[in-house]
Amino acid sequence: MILQKLVIGSDCNPIKRIIYETKAGIVYKNDSPIELAKAVIKAYYMDRAKIGLNGKNAVVTKYNWASTVKTLLEIYDYKNL
């Protein structure tokens, strides 16, 4: 996603959740080669640049190490130890 590429992922969680949440790609039915082929064909006709930018923005703002550390510190309430 950071490379601004459209993502094609199976409908397994959390992959499905992240793709839907970020609008960064296409989800296909797991273990279905036909559905995967349809997703690849669909991706060809989509605005890949816009969708790729959605993915990059998601990584920059949410799916990165700094964001993860912040969330973990909030969970453990590190400041009050």
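The values are calculated or read from the model by the stated rules, or taken from the named source; none is laboratory data. This one's a predicted model, so the numbers in the text were calculated from it and none came from an experiment. Positions of Cβ are generated from backbone atoms using ideal geometry, with glycine treated the same way; all protein chains shown enter the neighbour counts. Surface accessibility is based on the protein's heavy atoms, side chains included, excluding ligands, DNA and RNA. Shrake-Rupley method; radii C 1.70, N 1.55, O 1.52, S 1.80 Å.
Counting only residues that are touching a helix residue (DSSP H, G or I) at 6+ places or on another chain (Cβ under 6 Å), of a type in the set (Val, Ile, Thr) and within 19 Å of residue 41 (Cα to Cα), which one in the range 8-27 is least open to solvent (accessible area, probe 1.4 Å)? Lay out the reasoning, then the answer.
In the first step, residues of the range 8-27 are kept if they are touching a helix residue (DSSP H, G or I) at 6+ places or on another chain (Cβ under 6 Å); the result is 8-9, 22-27.
Subsequent filtering for residues that are of a type in the set (Val, Ile, Thr) retains 8, 22, 26-27.
Next, only the ones that are within 19 Å of residue 41 (Cα to Cα) stay: 8, 26-27.
Working: 8: 61, 26: 11, 27: 33 Å².
Among those residues, the one meeting the criterion is 26.
Total residues in the range 28-58 satisfying the condition of being of a type in the set (D, E, K, R) and under 16 Å from residue 18 (Cα atoms): the figure is 2.
Of all the residues in the range 1-55, those that are more than 11 Å from the chain's Cα centre (by Cα) and part of a helix (DSSP H, G or I) number 17. Within the range 61-76, the set of residues being closer than 18 Å to residue 22 by Cα, open to solvent by 70 Å² or more (accessible area, probe 1.4 Å) and aromatic (Phe, Trp, Tyr) comprises 65 only. The residue that is most open to solvent (accessible area, probe 1.4 Å), among those in the range 28-60 that are over 12 Å from residue 2 (Cβ atoms) and in contact (Cβ under 8 Å) with a residue 40 or more places away in the chain, is 48.
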